Each structure stands twice: as C-alpha cells, then as structure tokens.
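The values are calculated or read from the model by the stated rules, or taken from the named source; none is laboratory data. Just so it is clear, the model here is predicted, and its values are computed rather than measured. FYI the Cβ positions are ideal-geometry reconstructions off the backbone, even for glycines, and counts take in every protein chain you see.
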Amino acid sequence: MNLPNKLTCLRMIMIPFFLFFLIFPEVCGFTVSRIVAAVLFALTAFTDMLDGKIARKYNLVTDFGKFMDPLADKLMVFGAMFGILILNREDASLAAFEVFGVSSAELFTKIFVWCAFIIVFRELAVTSMRMIVSNAEGIVIAANIFGKIKTVSQIIGIVVIIIEPIIWGGLIASYVMLAIMVFSTLFSGFSYFKAYWPHINSNK
C-alpha cells in the first residue's frame, strides 16, 4: 500500500474519533470537545489534500485510491454534519439564547437539517452521475474549480460551526458559512450536470 492510500486509510480511522467528541461532548465538556473535534476534523481534511497531491505528483494513483478517497471524503463531511446536529442541539449555552421564541440551538438545527439535506443530495447525485457517465461513455469526471471551492467552503464552514459557540456564544459566522456552503454546493452541482448531462441517455 503506497503513502497516499495509507493517508486515506488514516483519514477513515480518524473519522470515528472526530465523531466521538461531537456526539459525546459530556465526556470532557462542550468547550474541550469542540476544540478537539475541530482540530481532528482539520487534520482529517489536511490528509485529504495531502494524499491527492502526493498521488498526482509521484504518479501513485491506484484503483483503491480512486474508490476509497471519495468515500472517505463523503464520510468525513456527512459524519461532521450529523455530529453537529447533536452537538448544537445539546449545548446549553446556545439554548439560553432565543430568536422569535425559539432557542438559538433549535433554530440553527432546523435550518442546518435542510442545508445538510441539500449537501447530501448534491453529493449523491454527482457521484451517481459520475458512475453512469463513466460506465456508459468511459469518461472520468474530474473535480473542477467549483467542486474544489465547494470542498474548501464545507471544510471551513464545519470548523467555524464547531468553534464559534465557544468563542462568543453566537452563531452569526456559522449562518454565513452555512449560506456559502449551500450556494457553492448547488452551483458546483449545477456546473457538473450542465457539462455532463448530455452524456446521459434517458432511453437506456
């Protein structure tokens, strides 16, 4: 197993530890849990960037990497979003604030659910399209600039959402990053479908 694949496997191993601190903040307190979770997530995301650069630079691209790398990416982002739903909902410091009679934590959770749904739907739709186009036409759909912007916005957004409540107790920056995440997700998804939809034959 080459180095990029080892980094991909390391990323898969780190995800459960990252999720542990998101889902069980009572073990070491909300503040410590958020800090540790944010650091682990950032390190996990860094391995994603690193293994890709090494694989391309030294021509170490393998079928194993092609399969596991995007899978690890999806698990990393999806796991983070599911964990955030639990973390914010149970954070007493956020529950103390109310907006229109609804606690800040509850309001953010309701909005976050819809945003998470959009992000998950986009990822599954593009992945499915990649498989269909690749099998039918032999075309490999590489990540474009909009896909890369989407990934970066998701990583930064998740870190901000985890960290912001312990900095000043609010979620303003989190709402801003959530909007950026959704916009970049939809725009990148639209760019992929616009470019490759002609290769999908609805009669087959």
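Identify the residue in the range 127-143 that is among the polar types (S, T, N, Q) and modelled with pLDDT of 75 or more and, among all such residues, is farthest from the chain's Cα centre (by Cα).
Kept after step one, since they are among the polar types (S, T, N, Q), are these residues of the range 127-143: 127-128, 134-135.
Retained after the next criterion (residues that are modelled with pLDDT of 75 or more): 127-128.
Values: Thr127: 14, Ser128: 17 Å.
Per the stated criteria, the residue is Ser128.
Considered as a group, the residues in the range 9-24 that are at pLDDT below 90 and assigned to a helix (DSSP H, G or I) include one that is surrounded by the fewest Cβ atoms within 10 Å (Cβ to Cβ), and that residue is Ile23.
Taking into account only those residues within the range 155-204 that are outside any helix (DSSP H, G or I) and more than 19 Å from the chain's Cα centre (by Cα), which is surrounded by the fewest Cβ atoms within 10 Å (Cβ to Cβ)? Here the answer is Asn203. Taken as a whole, the condition of being surrounded by 13 or more Cβ atoms within 10 Å (Cβ to Cβ), among the basic types (Lys, Arg) and either modelled with pLDDT under 90 or within 23 Å of Thr127 (Cβ to Cβ) (or both) applies to Arg89.
Mind checking whether some residue in the range 76-86 is farther than 20 Å from Ser174 by Cβ and surrounded by fewer than 18 Cβ atoms within 10 Å (Cβ to Cβ)? Break it down stepwise before answering.
Of the residues in the range 76-86, the ones farther than 20 Å from Ser174 by Cβ are none.
No, there is no match, as no residue in the range 76-86 is farther than 20 Å from Ser174 by Cβ and surrounded by fewer than 18 Cβ atoms within 10 Å (Cβ to Cβ).
Selection over the range 25-72 of residues that are of a type in the set (S, T, N, Q), modelled with pLDDT of 85 or more and farther than 22 Å from Ser153 by Cα gives a count of 3.
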